[in-house]
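A short worksheet on the structure shown next.
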Amino acid sequence: MSLLRAEWIRAKGSMLWWLAGAGLFLGLLLTAFSLVGEVNAARDLLYPQGLLVTGMAAPAAALFAGLAEDRERDARAGGTLWRPVAPIGTRAARIAVVWLALAVFVALDFAVPFAAVLALGLGSAGTIAVVAVFVWLGMLGPAGLAAAATRRIGLLPTLVAAFGFTIELGYFTERSWWWANPGAWPARLTLPAMGLHFNLLPLEGTSPMADESPLPALALTLVLAVVGFVAAALTPRRARPLLAHRIIHAVGAPVAVGPATQRPERTGFVSALQGVARAGRTPSLSVVLVLTALVLVFGARYPADVRGALFAYAILPVGAGVLPTLVWPRIRPAWALMQIEHSQVRTALAAWFICIVVLVCMFAGVLVGDARFAFISLLAGAVLTLASLAVTVRFGVMWALAATVVVTIVSATIGGDVLAESALWIVAVPAWPVTATGARVWVACGLGVVLLALVSAALLRALKGMRPARRV
């Protein structure tokens, strides 16, 4: 109990509980989307929540667990590493508090549709409570595994693996061998209670999932939670870097040095752009760009509308949100000196990010074969990337990642549904390449330019001056 109390004190006031409180915002947002359509039963209010189950449950759990792990890394475990404290017990207490934060997140999320059911007098409010419990149980195992993975490989690779766990493995939820697929266990438990297929279509009465007992899926989900807890408690933090570089010290012959040359009083914008590009070039950035290109090329085998949906609903929001979190931590320590060296470095930084967005969006436009798609993607991508950079600079990496998850959910909810035909399409900026057709193109262009100007002004103001370095 003393370890739990100590972990509670460390977590109190941290961003972990801010993320847990974001469940209320998510519940309000998804319930508002469900009320746009026809609501005849309690399950009609759960349709937007299906995106949380089928796409965002494991990434959200990984974000909670990774936040706690990064907090301990930055605080050097509060000095407990060299004190007589059981490390296994400390890690077990940490994942227990993360599970509690996930419970608060899910409770606040589903409290909104629960209240809506009571207000509308629909009945069957207990269905929403059961689904909420199932969703929370399904997030326990991924949270424990993500805590262990974050200690070994870092948060961003863990988030990528979490997306694959939920989406790629969860895709096989309705196969006969679902019991052999851990990624399908949480969805197999929750989706029948929601009355939905994995693609969020209504579950027919003739489907094998309709009359299936939840006990097998519940047992397997609890097994996954136990495995996650054990992994989180037993996995130590990596002591050496994952990719260690060999340093060779060599003595060379003296090199003749010429006379000193006076530095020019003013350098051009291009030199600032080149400096930012050299400073921000990281191996992880190259890997992400290569993987994005490979995914787009692999998607070329599918119809153009599928390629466009893949880019607009997944690659664009996730890539635009993650890109600044890869680059800014590398640039941040030298940012004060960079501003002294060149007065236009702030504009150069924003321009360099936009150049990356242009490269990716033009490539996606070529594969989709639509100039309108490429231009709207470029406009939406520039707005999202600069907004994510402003959040990263001002509040930290974790806030940017949390905002990325929320924006991705909102975009997929609106753009992939009949809500795209309503005025709500304006809210889903990442989905503009798909939803902004016909006369909407001009609306998206005008609004996009305004948003780009506002975000750019906020970013330049956040970049100005010297702020304390914040990693989370």
query: If you check Leu294, Leu285, which single one turns out to be at pLDDT 85 or above and in a helix (DSSP H, G or I)?
result: Leu294
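So in segment 398-421, with the set limited to residues that are open to solvent by 20 Å² or more (accessible area, probe 1.4 Å) and at pLDDT 85 or above, which one is farthest from Leu326 (Cα to Cα)?
Pass one, segment 398-421, residues open to solvent by 20 Å² or more (accessible area, probe 1.4 Å): 399, 403, 405-407, 412, 416-418, 421.
Adding the requirement that they be at pLDDT 85 or above leaves 403, 407.
On the way: Ala403: 15, Val407: 18 Å.
The qualifying residue farthest from Leu326 (Cα to Cα) is Val407.
Examine segment 422-441 for a residue that is part of a helix (DSSP H, G or I) and at pLDDT below 80, and state whether such a residue exists.
Checking segment 422-441: at least one residue is part of a helix (DSSP H, G or I) and at pLDDT below 80.
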query: Do we have any residue at all in segment 101-122 that's modelled with pLDDT of 85 or more, open to solvent by 20 Å² or more (accessible area, probe 1.4 Å), part of a helix (DSSP H, G or I) and touching a Lys or Arg at 6+ places or on another chain (Cβ under 9 Å)?
result: no
task: Among what's in segment 146-178 and is of a type outside the set (Lys, Arg) and outside any helix (DSSP H, G or I), pick the residue that is least open to solvent (accessible area, probe 1.4 Å).
output: Thr173
message: All but one of (1) without any contact (Cβ under 8 Å) to a residue 12 or more places away in the chain; (2) buried (at least 18 other Cβ atoms within 10 Å of the Cβ) hold for Gly446; state the number of the condition that does not hold.
response: (2)
message: Pairs please, first residue from segment 346-366 and open to solvent by 10 Å² or more (accessible area, probe 1.4 Å), second anywhere and not in a helix (DSSP H, G or I), Cβ atoms under 7 Å, 6+ apart in sequence or on different chains.
response: Arg346/Lys464
- prompt: In segment 111-127, which residues are in contact with a helix residue (DSSP H, G or I) (Cβ under 7 Å, 6 or more places away or on another chain) and free of Cβ contacts under 8 Å to residues at least 40 places away in the same chain?
  reply: Phe114, Leu118
- prompt: Cβ-Cβ below 8 Å, separation at least six or inter-chain, first residue in segment 37-64 and farther than 18 Å from Leu156 by Cβ, second buried (at least 24 other Cβ atoms within 10 Å of the Cβ) and of a type in the set (Asp, Glu): which pairs?
  reply: Gln49/Asp109; Leu52/Asp109
- prompt: Checking Lys12 against (1) of a type in the set (D, E, K, R); (2) surrounded by fewer than 19 Cβ atoms within 10 Å (Cβ to Cβ); (3) over 17 Å from Val104 (Cα atoms), which single condition isn't satisfied?
  reply: (3)
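The values are calculated or read from the model by the stated rules, or taken from the named source; none is laboratory data. Owing to the predicted nature of the structure, the values given are computational and were not obtained by experimental measurement. Note: ideal-geometry Cβ built from the backbone for every residue, glycine included; neighbour counts use all protein chains shown. Side chains included, ligands, DNA and RNA excluded: accessible areas come from the protein's heavy atoms. Shrake-Rupley method; radii C 1.70, N 1.55, O 1.52, S 1.80 Å.
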